[in-house]
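The next block holds one structure in the form of structure tokens; read it before the comments.
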Amino acid sequence: MTFSVLRAGLNVFLFLVLIGLLLGPYVLMIALAPHKRHKIAQLFFKGCVALTGLRLVVTGAPSERTVMFASNHASYLDIIVLGAVIPGGVFVAKSEVADWPLFGFLARLSRTIFISRNGQDAALQRTVLAARMNKGHALVLFPEGTSTNGASIKRFKSTLFAALDDVNAQPWVQPVSLVYARHVNGPQLSPGPLLSQSEREQFTWFGDMTLAPHLLNVFGSRGCEVEVTFHQPLNAVQFDDRKMIAKACEEAVGGHLNDTLGPITLDLNVAANDTESFTSLGQTAPAIGAE
């Protein structure tokens, strides 16, 4: 895919301008009308989608119930894509993201819940997630625990779904499929040709890829078409346990990727620090304040 230095430089400049224009109003909204600040956050995400050249093709709609969205994870771009189409969504991210330059600051500002992989923190994290849902916040999480190449998925871990047991209202889970699928077909509405895997990996971010060069390459590209599919919401109380919920989400997401890209790989290799070893998950934790 064609890279333009001029396009990259212009989009980086416009990205910084976008932050400058919206940061002040966002902070002001926190003080004056915190329940409406998600509108500015969504405007920011939509601006980022435009600057990265992504064209979103959305099928279905995000549930308006007390819901937890469960999506496959292929790139940091997933954040802006889902943020643009899920009003008021609160992301759940690994704690390392909080320390990322600029992006960590933006994540903290936008109410992201940071979670640790330390098993001793699992009960507390469960309480935090449930408290957010009890306040009416829709959570957005990536159950794979890491990103992939966009043409495969990893086993959906069930750990974070345990928070659903502590939600007061009837909780729902909605699987979401993200596919970096096609070339942008100019102004035409007809779909462009499918991306090759090497082309797809100009947008997916995984393994030992470095963030800054990858982001610059995205800003300098012509973008791609991203398919966002909201599957049928699942009533969490109809499942025997969290593992069955995770499996149902994994099957819905994996099935859609398979239909779009052809046979995909289910990567069952789990890194040592990605295992579901949160042995304290079922313990209770003192109630804490959650925004």
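The values are calculated or read from the model by the stated rules, or taken from the named source; none is laboratory data. Since we're looking at a predicted model, the values are computed, not measured. No Cβ is skipped: glycine too gets one built from the backbone with ideal geometry, and neighbour counts run over all protein chains shown.
Quick one: which of 61, 50, 33 is hydrophobic (A, V, I, L, M, F, W, C), modelled with pLDDT under 95 and surrounded by fewer than 21 Cβ atoms within 10 Å (Cβ to Cβ)?
Numbers: 61 fails: modelled with pLDDT under 95; 50 fails: modelled with pLDDT under 95.
Exactly one residue qualifies, and that residue is 33.
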**Request:** Scan the stretch 231-245 for residues that are assigned to a helix (DSSP H, G or I) and free of Cβ contacts under 8 Å to residues at least 12 places away in the same chain and jot them down.
**Result:** 238, 244
**Item:** Filter result for the condition that a residue is touching a strand residue (DSSP E or B) at 6+ places or on another chain (Cβ under 7 Å), closer than 27 Å to residue 147 by Cα and not in a loop (DSSP other than H, G, I, E, B), over 49, 12
**Value:** 49
**Request:** Take residue 108 and decide whether it is of a type outside the set (A, V, I, L, M), surrounded by fewer than 18 Cβ atoms within 10 Å (Cβ to Cβ) and in contact (Cβ under 8 Å) with a residue 40 or more places away in the chain.
**Result:** no
**Message:** What pairs come out if I take residues in the stretch 80-105 that are free of Cβ contacts under 8 Å to residues at least 12 places away in the same chain and pair them with residues that are part of a helix (DSSP H, G or I) whose C-beta lies under 8 Å away, six or more apart or interchain?
**Reply:** 104/97; 104/98
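In this structure, does residue 13 turn out to be crowded, with 21+ Cβ neighbours inside 10 Å and of a type in the set (A, V, I, L, M, F, W, C)?
Values: crowded, with 21+ Cβ neighbours inside 10 Å: no; of a type in the set (A, V, I, L, M, F, W, C): yes.
Against the criterion (crowded, with 21+ Cβ neighbours inside 10 Å and of a type in the set (A, V, I, L, M, F, W, C)), residue 13 does not qualify.
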**Request:** For the stretch 224-272, name all the residues that are farther than 21 Å from residue 174 by Cβ, small (Gly, Ala, Ser) and either more than 21 Å from the chain's Cα centre (by Cα) or at pLDDT 95 or above (or both).
**Result:** 262, 272
**Selected residue (only one of 138, 130 is touching a residue at least 40 places away in the same chain (Cβ under 8 Å) and not polar (S, T, N, Q))** = 138
**residue 252 being assigned to a loop (DSSP other than H, G, I, E, B) and either small (Gly, Ala, Ser) or at positive phi (or both)** = no
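Residue check: is residue 70 in a strand (DSSP E or B), surrounded by 14 or more Cβ atoms within 10 Å (Cβ to Cβ) and modelled with pLDDT under 95?
On the way: in a strand (DSSP E or B): yes; surrounded by 14 or more Cβ atoms within 10 Å (Cβ to Cβ): yes; modelled with pLDDT under 95: no.
Answer is no for this residue.
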**Request:** Could you grab the pairs with beta carbons closer than 7 Å, sequence gap of 6+ or different chains, first residue in the stretch 32-55 and closer than 24 Å to residue 181 by Cα, second one basic (Lys, Arg) and surrounded by fewer than 20 Cβ atoms within 10 Å (Cβ to Cβ)?
**Result:** 53/222
**Residues of the stretch 200-230 classified as farther than 20 Å from residue 57 by Cα, touching a helix residue (DSSP H, G or I) at 6+ places or on another chain (Cβ under 8 Å) and part of a loop (DSSP other than H, G, I, E, B), total** = 2
